[in-house]
Amino acid sequence: MSSLPAGWYKDPADPATQRYWDGEGWIGKAIGADAVPPDGPPPVEEEPPPAPATAPAPTTTPAPVAPPAAPAPPPGWGPMPPPPPGWQPPQQDGPMPGMPGGPQPGWNYTPYPVQPRPHGFALAGLGPRLVARLLDILAVLVLNVVVNGYFAYQFWQEFLPTYRASMDAVANGQSAFDVQPASGRTDALLWVMLIVATLLWLLYEAPATASSGQTLGKRLMRIRVVAVENTEPLGFGRAFGRWARLGLWTPAWGCAGFGLVMQFIDSISPLFDQQLRQAFHDKTARTVVVALPPHDQLPATRKDNTDDSAHSR
């Protein structure tokens, strides 16, 4: 312990200042060497109070983003049906279509095919449409037997000698193409029969489709042709345009069967339209073929309005 009495002395570490010696060590703040020191030791400096702890800023949870509203269905189109019974599609992890913000964690979206229901009615199946078309072909064939029978008999009488001569030429090792037709009327009679057959088909199908949307075959199979936008009668002009896309190829049967090929392509075209099953002649007339439920008849004058569309789904 030092024998130096307590008092103010020059600071050995900094001679330009003086500090208070309490007998054991230097205390207090240094003051200038020329300053008059206070009597006794320097006052004890109070330590500043600790700064109050700041509360953490409250965290706000962003409000959940609501998915966009589904678009309204077209006027007159019925509600979506439930998934087919027993149908179990593969699970697909990912965002639901239409959700903003990219993939949503935790979503497990499983799509399933939904078939449109024009005006609340299911689309007609391809099987019933094929059977209805075959029944209509049979009906038109019966009309041709009655009306076109005379021309068919005359054609056969003109063609039979040429056919026999061709068979004799083949039997003798000659070419059947070298045989000249016995009469020039065969080509004319063939074109007359094709034109008459076309007119009979037109008169059979277009007026019935224009007024009720049903030919004999469609009526038996309980299917009907309706417009895309409403269920009013199509009218003859629209029905004629629908028939013409298919029926006007009939005279071209005489061109090496080219017209028949075009009609076959048109007839199978619904296979390539997975949405509305429209054939090419349906797309031309903006029509669809619907199936009528049992014991129910689609009103011919039913109109679609905004009230129907509001409750269609």
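What follows is calculated from the coordinates using simple rules that are stated; it is not laboratory data. Just so it is clear, the structure is predicted and the values come from calculations on it, not from any experiment. Cβ sites come from the backbone with ideal geometry, for glycine too, and all protein chains shown count toward neighbours.
If every alpha-carbon in segment 119-298 counts as one equal scatterer, what log10 I(q)/I(0) does Debye give at q = 0.09, 0.10, 0.19, 0.20 1/Å? The Cα Debye sum returns log10 ratios of -0.42, -0.50, -1.23, -1.34.
Label-to-label distance, Asp273 versus Arg164, with points set 7 angstrom from Cα along the beta-carbon direction: 5.1 nm. Full extension of the chain between Val192 and Ala256 yields a length gain of 21.4 nm, computed as 0.36 nm times the residue separation minus the alpha carbon distance.
For a modelled paramagnetic label at Ala152, 7 Å from Cα along Cα-to-Cβ, the residues of segment 195-237 in reach, with backbone nitrogen under 14 Å, are 195-198, 200-201.
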